Amino acid sequence: MPNESRRLLLADVVLLYDAPVMAHASDVRQRLEERERLLSPFAGRSYESRGRERPEEPSPLRTEFQRDRDRIIHCKAFRRLKHKTQVFIAPVGDHFVTRLTHTLEVAQIARTITRALNLAEDLAEAIALGHDLGHPPFGHAGEDALADLLPEGFRHAEQSLRVVERLENGGHGLNLTWEVRDGIVNSSKGREDILADALGLPATLEGQVVRLADAVAYINHDIADAVRAGILMEDELPAVVSESLGRDHSQRINALVCDIVDHSWAATGLVTGETSPRISMGPSIQKAANALREFLFQRVYLWEDRQAEVERAKRVVRFLFEYYVERPQEIESDFVVSSEPRWRQAADYVAGMTDLFAQNAAARLGFREQRL
Ligand code: MG
């Protein structure tokens, strides 16, 4: 690995000196695209994108994927992530993870892995920043409640796609590239295994990196939050976790990221004969990551003492959904497509709410615990 890395660095230096002098600001994007030629043959290159639903003039300064990343950061759904629950519902402490800090951690982990594998960092960053935009209030409690209420069910990854395709930008969507949308809609994993692909696998390796980076981020910050909340102690983690991954937060993330890079090395294009690499993990680290995830399900996500809070959150979502299905005229039209069925509008509106907004709206509209 070290010699191959050195070869890449040398190629980078040669390209920088060989690059044509930029006569105008309008040459900047072309120069960035030139740099992309140095990426792995398996990387997603912005100039080879399958494009946008509505073609647009290219930016003079940014590649197509950089543009997507910027559009996501500037959208309203991204701002609302700061007040959406990760695990703990509307937590009072300042240091609990929110969907926004989770999203930033996923983006950073995905960038580290893609950079190490010589894949497209900008593409991974855009997918990561967009992957949870459709998460409803109250975390998975909100998702489960909506799934029971909608005729076609509800999955947050599909809703994230809906946000960028339909709901943002006054109903016009963000018109993102195909690769970013594909990575967003295929970012979820099933419960069984950290590498399971039953729910679909992204077409790009960068999308696959984000999928795993998501798990690396949450299995670690959710443990830290559970310790912060006094639900468990660090030394209660299963033995296989501390033995294989390490004893603290940073050791565990480092072990997972290094293992993913090692076991996905074929993605660099530097392994002879490898024609369809995948982003993966080694069996022992995978086993430890699954054990950590299962431990979280048992001790945190499905923990009995949390269930009253979870059930109340579901009742709030159900109340709001039913309220707005009956009164679509009360929905703020910025957040829905008013030509769509009532249930769709109610679902989009409620799914877009932050925890606090949903709690306040429910209280204002007459939600009372005793009536349920
Ligand atoms: Mg996530």
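The values are calculated or read from the model by the stated rules, or taken from the named source; none is laboratory data. What you are looking at is a predicted structure, and each value in this text was computed from that prediction instead of being measured. Cβ atoms come from the backbone with ideal geometry, glycine included; neighbour counts cover every protein chain shown. Surface accessibility is based on the protein's heavy atoms, side chains included, excluding ligands, DNA and RNA. Shrake-Rupley method; radii C 1.70, N 1.55, O 1.52, S 1.80 Å.
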Inset, instruction - Tell me the helices (runs of 4 or more DSSP H) entirely within the range 260-372 that contain at least 3 residues that are within 30 Å of Glu234 (Cα to Cα). - result: 283-296, 307-326
Inset, instruction - List every residue pair whose Cβ atoms lie under 6 Å apart, where the two residues are 6 or more positions apart in sequence or sit on different chains, the first residue falls within the range 120-133 and is open to solvent by less than 10 Å² (accessible area, probe 1.4 Å) and among the charged types (D, E, K, R), and the second residue, located anywhere, is modelled with pLDDT of 95 or more and more than 11 Å from the ligand (Cβ to nearest atom). - result: none
Inset, instruction - Of the conditions (1) surrounded by fewer than 20 Cβ atoms within 10 Å (Cβ to Cβ); (2) over 21 Å from the mean Cα position of the chain (by Cα); (3) farther than 19 Å from His221 by Cβ, Ala291 clears all except one; give me its number. - result: (3)
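Among the candidates Glu143, Glu105, Glu158, single out the residue that is surrounded by fewer than 24 Cβ atoms within 10 Å (Cβ to Cβ), part of a helix (DSSP H, G or I) and within 11 Å of the ligand (Cβ to nearest atom).
Values: Glu143 fails: within 11 Å of the ligand (Cβ to nearest atom); Glu158 fails: within 11 Å of the ligand (Cβ to nearest atom).
Only one candidate qualifies: Glu105.
Can you name the residue in the range 191-213 that is acidic (Asp, Glu) and surrounded by fewer than 24 Cβ atoms within 10 Å (Cβ to Cβ) and, of all such residues, is farthest from Ala289 (Cα to Cα)?
Residues of the range 191-213 that are acidic (Asp, Glu), as a first pass: 192-193, 197, 206.
Checking which are surrounded by fewer than 24 Cβ atoms within 10 Å (Cβ to Cβ) leaves us with 192-193, 197.
Values: Glu192: 12, Asp193: 9, Asp197: 16 Å.
If we take residues in the range 191-213 being acidic (Asp, Glu) and surrounded by fewer than 24 Cβ atoms within 10 Å (Cβ to Cβ), then Asp197 is farthest from Ala289 (Cα to Cα).
Name the residues in the range 117-146 that are under 14 Å from Gln208 (Cβ atoms) and of a type in the set (A, V, I, L, M, F, W, C), would you? Break it down stepwise before answering.
Filtering the range 117-146 down to residues under 14 Å from Gln208 (Cβ atoms) leaves 117, 119-120, 123-124, 127-128, 131.
The answer is Leu117, Leu119, Ala120, Leu123, Ala124, Ile127, Ala128.
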Inset, instruction - Being surrounded by fewer than 19 Cβ atoms within 10 Å (Cβ to Cβ) and in contact with a helix residue (DSSP H, G or I) (Cβ under 7 Å, 6 or more places away or on another chain) is the filter; apply it to the range 258-276 and report the residue that is modelled with the highest pLDDT. - result: Leu270
Legend entry - Count of residues meeting criterion [touching an Asp or Glu at 6+ places or on another chain (Cβ under 9 Å) and of a type in the set (D, E, K, R)] in the range 301-350: 7
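Conditions (1) free of Cβ contacts under 8 Å to residues at least 40 places away in the same chain; (2) buried (at least 24 other Cβ atoms within 10 Å of the Cβ); (3) more than 29 Å from Ile253 (Cβ to Cβ); (4) within 16 Å of the ligand (Cβ to nearest atom), marked per residue:
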| residue | (1), (2), (3), (4) |
| --- | --- |
| Ala147 | yes, no, yes, no |
| Val164 | no, yes, no, yes |
| His172 | yes, no, yes, no |
| Gly183 | no, yes, no, yes |
| Ser188 | yes, no, no, yes |
Legend entry - Residue selected from the range 55-91 under the condition among the aromatic types (Phe, Trp, Tyr) and closer than 25 Å to Glu143 by Cα, by the criterion surrounded by the fewest Cβ atoms within 10 Å (Cβ to Cβ): Phe78
